[in-house]
Amino acid sequence: MTTPKTLGAFAATMIAMSGCGAKDGTEVGSGGAPGSSAGAGGSVASGGIPLGGAAAGSAAAGGIVSLGGTSAANTSNSGGVGAGGGVPAGGSMSGGGASIDCPEGASAMCGMVAAHNAIRAAAPGANPALPPVTWDATLAAFAQAYASTCPTGHNPNRTVEGETAGENMYFTSQRNLSPPAEVVQAWASEQANYAYPANTCGGVPYTSATFGCSTCPVCGHYTQIVWRTTIKVGCGVASGCSGNFPQVWVCDYLPAGNMVDRSGNLQLAY
């Protein structure tokens, strides 16, 4: 029996931040460690850590900040994926072989784009409808390289194609490779916490403070998926990692979502 858990997401003031994860439904602050250990067999989603600090500029300078993406994981008793020793599941996930049915070009990733776009298409009240995201090989190679290190948290250096990428992560104690749709659904389950157009998370204003709050509801994984201006995604996965999370998924996004204005409020997702 698995219990979903999430690790935060990113935000930008007009700054960039990435998501961190929480276990057992509690969110971890930006770049913070999980606030509690996960139950056996549970899953953790991580998001909510700064996208390598201030992204497109600091809040003071009037730049936009992205609070970034999140991670999800099925955990055992304690947090963290063992560093090192990870083997990419099925080899590189960013290779060629793309087709209409599998634009991702790797069997383990087939359906990742479709799963993202299904969530975007169902975004409540989106007018106009959200544009679909497309698979980006450069982002995928970047995400795969990081996933292959068996990380325990977000990539602090997410500059890809000249921009700071948003990031969602998923960790699981399951050794069999998870279907991409299952990974995306773990993040998308946070939709229940997010109210549009009120822009609240768990009934409270969606701000950089609540985004990084260790005891607040989590929305950042979901809002990264449905961020209107995000149009590209690329993902990687590693299996055979040591520790409680042998399987680690990383998805990077451009342009990054979870942007924060100079007042510390997250912008509307769409």
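The values are calculated or read from the model by the stated rules, or taken from the named source; none is laboratory data. Small disclaimer: the values here were computed from a predicted structure and weren't measured. Here the Cβ positions follow ideal geometry from the backbone for every residue, glycine too, while neighbour counts run over all protein chains shown. Surface areas here come from the heavy atoms of the whole protein model, side chains and all, with no ligands, DNA or RNA. Shrake-Rupley method; radii C 1.70, N 1.55, O 1.52, S 1.80 Å.
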Rounded, prolate or oblate: which fits the range 148-197 when a ≥ b ≥ c are the square roots of the eigenvalues of the alpha-carbon gyration tensor, with rounded for a/c under 1.5 and prolate only if a/b beats b/c?
oblate
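Kindly sort 225, 231, 119 by accessible area of their heavy atoms, largest first, with the probe set to 1.4 Å. Don't jump to the answer; show the numbers that get you there.
Values: 225 0, 231 80, 119 30 Å².
From most accessible down to least: 231, 119, 225.
May I ask you to give the solvent-accessible area per residue for the range 100-224, in square angstrom, as obtained with a 1.4 angstrom probe?
Details: 5110 Å² over 125 residues.
Counting only protein heavy atoms, the per-residue value for the range 100-224 is 41 Å².
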Where does each of 140-151, 198-209 land if you order them by average Cβ count within 10 Å, highest first?
140-151, 198-209
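Can you tell me the relative contact order of the range 141-208? Whole percent, Cα pairs under 8 Å, sequence separation 6 or more. Don't skip to the end; give the middle numbers.
Numbers: 23 pairs, mean separation 8.7, N = 68.
About 13 percent, as a whole number.
Please arrange 169, 259 by accessible surface area, largest first, computed with a 1.4 Å probe and ligands excluded. Write down the numbers at each step before the final one.
On the way: 169 0, 259 25 Å².
Highest to lowest solvent-accessible surface, that is 259, 169.
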Compute, for residue 182, the solvent-accessible surface of its heavy atoms (probe 1.4 Å) with the complete set of protein chains present, and express it in square angstrom to the nearest 10.
90
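Give me the percent of accessible area attributable to carbon and sulfur for the range 139-270, probe 1.4 angstrom.
Numbers: 2310 of 4390 Å².
Carbon with sulfur: 53 percent of the solvent-accessible area.
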